[in-house]
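Mind having a look at this structure? Questions to follow.
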Amino acid sequence: MDARQIPWVEKYRPSKLDEVAAQGNTVEVLRKSLKLANLPHMLFYGPPGTGKTSTILALCKELFGPKLMKSRVLELNASDERGINVVRKSIKTFAQLTVSAATPEDKQNYPCPPFKVIILDEADSMTQDAQGALRRIMENYSEITRFCLVCNYVTRIIDPVTSRCSKFRFTSLDRNSALARLDYIRSNEGLMCEDGVLDLLLHAANGDLRKAITYLQSASMFHQGAAENGMEVDSTTVTMESVQEITGLVPESVIEGFLQLTESIDVDTIKRAVEDAVNDGWSATQILSQFHDTIIQNSLIGTNAKTEISLLLSRIDRCLTDGADEELTLLDLLVQCAEIRSKY
Amino acid sequence: MLWVDKYAPKTLKDLDLNDNLTDRLKSLAYSEDLPHLLVYGPSGAGKKTRVSAVLHALYGNSARNVKLESRTFAATASRKVEFTLIVGPHHFELTPSDLGPNNDRIIIQELIKELAQSNQVTKSAHRFRVVVINEADTLSRDAQAALRRTMEKYTTSLRLVLVAQSTSNIIEPIKSRTLQIRVPAPDYESITRVLNRVAQEERISPVPLPEELLAKIFAQSGRNLRRALLSLEAAVSVLPGDQQIVVSNSTTVPPADWREVITEIAQMIIKVQSASQLLAIRGKYYDLIAHCIPPRIIIKTLLTELLTRVSSSKKPSIVTAAALYDHRIQIGNKSIFHLEAFTAKVMNVLEH
Ligand SMILES: Nc1ncnc2c1ncn2[C@@H]1O[C@H](COP(=O)(O)OP(=O)(O)OP(=O)(O)O)[C@@H](O)[C@H]1O
Ligand SMILES: [Mg+2]
């Protein structure tokens with residue numbers, strides 16, 4: 001395969017547990033189970049890009065090796081049909097199958113425990129019915145089949161299923177682990193970065209390593225493509241400027257500007273500013289989240305005002321989720337914020 | 001052919017808008033790889049134009065070689081769904097609203113697998129093909145969820161380009177898997193540059209167009225290039241002359257009919273606050289809706305008109321009411337209820 005056309009997120013997907021960054025406790029426990037060659041049913045949950053899918057795939061590879069994995073591991077995800085009928089048929093059929101024999105060679109190199117693994121990635125998009133049907137299967141065939149459910153939203157998994165699993169929470173990556181991994185990829189790709197670039201990427205990615213890696217590669221592609229296209233840029237050094245735009249962060253000046261506008265109730269001025277921001281394409285949820293950060297940290301706004309503003313922010317978030325108009329909602333946010341601040 | 005369509009820029013080289021963004025997209029397309037993209041920005045900002053330009057940069061002229069295909073799909077054993085999509089040699093383009101409600105998840109699952117697994121007919125410089133999903137922010141949550149692992153698994157053969165007005169309704173795991181490209185609406189400079197170019201081609205004089213005329217068109221356009229071109233065409237169409245049309249600072253730019261109706265409504269609300277007035281206004285709302293003016297546009301335009309006519313102390317309550325009833329329109333069923341409620345609320349604010 002042409003290595004140039006594999007995105008870095010895939011190229012640097014951990015293939016061994018040891019390569020999984022952060023997630024200390026989880027990796028620790030899993031490493032032990034690797035030694036014991038035994039697994040409970042498991043539930044991995046946590047925010048995007050924190051290593052859930054990578055970890056279970058790496059674990060299976062280390063348990064069975066790449067060859068045996070084909071017959072021992074079934075991976076289903078939200079892009080596969082997983083209604084109740086599929087659970088009753090395909091999943092059950094695989095769960096019932098006799099465990100295939102391991103070749104002597106595999107046995108020498110891998111633990112090859114006598115069970116199969118069913119990975120239900122993105123299990124939070126399975127219907128309640130389908131999850132319900134899982135219960136029985138998990139119990140009846142637990143001797144020869146282990147389940148690993150993976151999801152972002154653990155509350156969407158029904159209790160009877162979660163209670164049958166050992167739960168592993170994946171957390172947003174801490175800055176140091178993420179930085180180490182990102183820097184490893186950078187140097188492996190022979191890429192140079194201006195000071196502060198990696199920090200900015202990590203800040204914008206907010207603990208999501210996949211995002212950080214995508215940003216890094218995109219920045220590098222911009223430089224490389226620009227050079228190929230005959231523009232005067234250094235194709236090997238990523239600059240702060242090119243990264244700023246990639247991250248999609250709303251410039252602090254815009255957010256600060258909004259905050260200043262709430263110091264008095266001037267609806268017309270606020271409206272113009274909101275129109276500009278929306279026309280510039282900034283997304284309302286992104287503005288809301290950065291506005292929230294700024295308000296929380298602002299020491300000039302008193303406790304009472306902050307309390308009322310947090311109620312307001314909650315309502316605004318709800319409106320945006322419901323698909324209310326972004327411009328009207330932002331306008332409402334700022335005008336109400338101004339009214340609250342004028343009271344205290 | 002309308003000027004809007006006639007002058008839709010065909011390649012990245014022709015794009016007159018936002019040179020910086022154009023350069024960056026060009027660079028992406030010319031590099032060896034392309035990440036999944038989430039292209040977002042207000043309507044009329046030129047998102048689609050840019051996406052087709054990216055396709056052109058990737059696959060050359062064959063990217064234009066598209067046809068509309070109608071397909072049927074068995075959603076369940078007994079229910080067949082028909083939908084249309086655009087098919088090119090190296091890409092698919094689909095729009096969720098063309099797939100019918102509740103079908104988007106299944107159809108997208110099937111199509112993407114089909115595209116990822118079939119072989120390319122024509123050779124291209126890239127081993128991957130592209131699926132463009134328009135209005136991606138209207139995809140159901142289920143459909144978005146179904147894209148998650150697909151975007152990773154078929155990464156050697158497939159790239160997604162999601163086009164959306166805003167990223168607010170795109171779920172986090174999708175955002176995590178895409179490079180987000182913000183397309184701002186064009187500013188005064190870019191819009192006037194395009195207007196002047198079109199004026200030149202259409203033999204309008206003088207070029208550059210008079211300042212005041214440009215300002216009028218820009219003010220009405222709300223930074224929307226499409227609207228600006230329509231305005232220019234409308235302003236010019238009533239002038240005499242076929243070889244050479246002469247414009248001036250006093251050339252009028254007629255507002256769209258529906259805008260005039262909304263201005264009238266605003267005036268009526270300000271003038272009299274009563275039940276009979278509400279009834280009279282209701283007729284106008286029905287008219288607007290019958291002419292396919294989206295209720296959201298009605299409320300927003302009406303708010304703008306109202307705010308220029310009321311005292312400062314009334315403004316905050318009116319803003320809040322507009323936001324509230326727009327929200328209700330979105331989650332409710334009958335938009336006329338909420339338009340009326342908004343009107344009544346504003347009358348109430350004005351009375352006190
Ligand atoms: N803890 C980690 N250690 C090393 N690489 C990681 C880690 N987390 C994420 N990555 C990088 O991000 C990519 C995506 O990670 P992965 O698919 O495991 O995320 P996930 O937790 O399953 O996310 P999602 O919930 O969106 O499915 C990997 O290919 C890898 O490059
Ligand atoms: Mg995953």
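What follows is calculated from the coordinates using simple rules that are stated; it is not laboratory data. As the structure is a prediction and not an experimental result, all values here were calculated from the model. Positions of Cβ are generated from backbone atoms using ideal geometry, with glycine treated the same way; all protein chains shown enter the neighbour counts.
Seen from all sides and averaged, what is the projected area of the convex hull of the Cα atoms in the range A:175-247, in nm²?
4.3 nm²
In vacuum, with every alpha carbon of the range B:141-187 counted as one equal point scatterer, what does the Debye formula give for log10 I(q)/I(0) at q = 0.13, 0.29, 0.33 Å⁻¹? Two decimals, please.
-0.33, -1.25, -1.45
Ok, one more. What is the percent of Cα-Cα separations in the range B:257-351 that go past 17 Å?
42 percent
Let me ask another. Rounded to the nearest angstrom and ordered from largest down, what semi-axes does the equivalent ellipsoid of the range B:26-104 get from its C-alpha gyration tensor (root of 5λ)?
In descending order, the three semi-axes are 29, 15, 12 Å.
Toward the positive end of the charge dipole of the protein assembly as shown, about the Cα centre and with charges on Cβ (Lys, Arg +1; Asp, Glu -1), which of B:P184, A:A277, A:V27 goes farthest?
A:V27
Still on this structure: Restricting the calculation to Cα positions, tell me the Rg (one decimal) and the Dmax (whole number) of the range B:188-246 in Å.
In Å, with Rg to one decimal and Dmax whole: 10.6, 31.
What does the highest-first list of B:334-341, A:271-278 look like by mean Cβ count within 10 Å?
A:271-278, B:334-341
Can you check what the net charge comes to around A:L311, using other residues whose Cβ is under 15 Å from the Cβ of A:L311 (Lys, Arg +1; Asp, Glu -1)?
So the surrounding residues net to +1.
Given the convex hull over the Cα atoms of chain B, what projected area results after averaging over all orientations, in nm²?
Quarter of the Cα hull surface area: 21.7 nm².
Still on this structure, please answer the following. Among the listed pairs A:K61/A:K211; A:K11/A:K67; B:K6/B:K153; A:K52/B:K67; A:K52/B:K80, give every one whose C-alpha distance is greater than 29 Å.
B:K6/B:K153; A:K52/B:K67; A:K52/B:K80
For chain A, build the charge dipole from Cβ charges (+1 Lys, Arg; -1 Asp, Glu) around the Cα centre, then report which of A:I84, A:V99, A:T55 sits farthest towards its positive end.
It is A:V99, whose Cα lies furthest towards the positive end.
Evaluate peptide B:317-325: per residue, the Cβ atoms of other protein chains within 10 Å of its Cβ; return the mean as an integer. Present the calculation step by step, with values, prior to reporting the outcome.
On the way: counts 2, 2, 9, 6, 1, 4, 14, 4, 2.
Averaged over the peptide's residues, the number is 5.
In what sequence, highest mean first, do A:148-157, A:292-301, B:130-139 appear when ranked by Cβ atoms within 10 angstrom?
Descending packing order for the listed peptides: B:130-139, A:148-157, A:292-301.
Per residue, how much space in cubic angstrom lies within the convex hull of the C-alpha atoms of the range B:71-115?
67 Å³
Using a 10 Å cut-off on Cβ to Cβ distances, tally the other chain neighbours for every residue of A:116-125 and report the average as a whole number. Present the calculation step by step, with values, prior to reporting the outcome.
Working: counts 0, 0, 0, 0, 0, 4, 6, 0, 2, 8.
Averaged over the peptide's residues, the number is 2.
On full extension of the chain, what length is gained from A:T303 through A:S264, given 0.36 nm per residue of separation minus the C-alpha to C-alpha distance?
12.2 nm
Taking loop as defined by DSSP and a crowding limit of 12 other beta carbons within 10 Å, which GluC sites (Glu not before Pro) in the range A:95-183 fit? Mind showing how you got there, number by number?
Details: sites: A:E105, A:E122, A:E139, A:E143; in loops: A:E122, A:E143.
Passing sites in the range A:95-183 are A:E143.
Suppose a student asked you for the relative contact order of the range B:174-315, using Cα pairs under 8 Å spaced at least 6 residues apart; what percent would you report? Spell out each step's value before the answer.
Details: 102 pairs, mean separation 28.3, N = 142.
Relative contact order here is 20 percent.
Also, I was wondering about something else. For the protein assembly as shown, give the share of DSSP beta bridges that are antiparallel, in percent and rounded to the nearest 5; count only bridges with both residues there.
The antiparallel fraction comes to roughly 20 percent.
In addition: How far apart, in nanometres, would the label points at B:E211 and B:S62 be if each is projected 7 angstrom from Cα along the Cα-to-Cβ direction?
Here the modelled spin labels are 5.2 nm apart.
While we're looking at this one, here's another question. Work out the length of the dipole vector of the range B:3-182 about its Cα centre, built from +1 on the beta-carbon of each Lys and Arg and -1 on the beta-carbon of each Asp and Glu, and round it to the nearest 20 debye.
Result for the range B:3-182 is approximately 300 debye, rounded to the nearest 20.
With charges set only on the Cβ (+1 for Lys and Arg, -1 for Asp and Glu), what does the dipole of the protein assembly as shown come to about its Cα centre, in debye to the nearest 20?
Charge dipole, the protein assembly as shown, about its Cα centre: 2680 debye, nearest 20.
Here's another thing I want to ask about it. Each label point is 7 Å from the Cα along the Cα-to-Cβ direction; what then is the distance between the points at A:E252 and A:T321, in nm?
3.0 nm
Quick one: length gained pulling A:D159 to A:E194 fully straight, 0.36 nm per residue minus the C-alpha distance?
7.7 nm
What number do you get for the range B:3-182 when its Cα radius of gyration is normalised by 2.2 N^0.38 Å, N = residues?
On the way: Rg = 15.9 Å, N = 180, 2.2 N^0.38 = 15.8 Å.
Normalised Rg, Cα atoms only: 1.00.
Considering chain A, what Rg and Dmax in Å follow from its alpha-carbon atoms?
24.8, 78
Based only on the alpha carbon positions, what is the Kirkwood hydrodynamic radius of the protein assembly as shown, in angstrom? List each step's numbers first, then the result.
Numbers: mean 1/r = 0.0355 Å⁻¹.
Final number for the Kirkwood radius of the protein assembly as shown is 28.2 Å.
Report the rotationally averaged projected area of the range B:219-289 based on its alpha-carbon convex hull, in square nanometres. Mind dumping the intermediate values first?
On the way: hull surface 27.2 nm².
For the range B:219-289, the mean projected area of the Cα convex hull comes to 6.8 nm².
Report the FRET efficiency, 1/(1 + (r/R0)^6), for B:R296 and A:T236, where r is their Cβ-Cβ distance and R0 is 51 Å, rounded to 0.05.
Approximately 0.60, to the nearest 0.05.
Also, I was wondering about something else. Taking chain A as the reference, fit the longest principal axis to its C-alpha atoms, fit the long axis of helix A:284-297 to the helix C-alpha atoms, and give the angle between the two in degrees, 0 to 90, nearest 10.
Taking Cα atoms only, the helix is inclined about 70 degrees.
I'd like the Kirkwood hydrodynamic radius of the range A:243-295, using the inverse of the mean 1/r over distinct C-alpha pairs, in Å.
Taking every pair of different Cα atoms in the range A:243-295, averaging 1/r and inverting gives 11.6 Å.
Then there's this: Debye sum, Cα scatterers, the range A:249-344, no solvent: what log₁₀ I/I(0) at q = 0.10, 0.15, 0.16, 0.24 1/Å?
-0.22, -0.51, -0.59, -1.45
Tell me, what is the percent relative contact order of the range A:252-343, built from C-alpha pairs under 8 Å that lie six or more residues apart?
Computed value for the range A:252-343: 48 percent relative contact order.
Could I ask something else about it? On full extension of the chain, what length is gained from B:K80 through B:Q330, given 0.36 nm per residue of separation minus the C-alpha to C-alpha distance?
87.1 nm is the gain from fully extending B:K80 to B:Q330.
If you line up the Cα atoms of the range A:8-169 on their principal axes, what length do they span on each, largest first, in Å?
That works out to 41, 35, 27 Å along the principal axes.
Taking one equal scatterer on every alpha-carbon of the range A:131-277, how large is log10 of I(q)/I(0) by Debye at q = 0.09, 0.13, 0.17 1/Å?
With no solvent term, the Cα-only Debye profile gives -0.55, -0.81, -0.95.
List the pair-distance distribution P(r) of the range B:178-278, using every Cα-Cα distance, as the percent of pairs falling in each 10 Å bin from 0 up to the bin containing the longest distance, rounded to whole percents.
Whole-percent P(r) values from 0 Å outward: 14, 38, 22, 16, 9, 1.
What is the average number of partner chain Cβ atoms found within 10 Å of a Cβ in B:199-205?
That works out to 0 on average.
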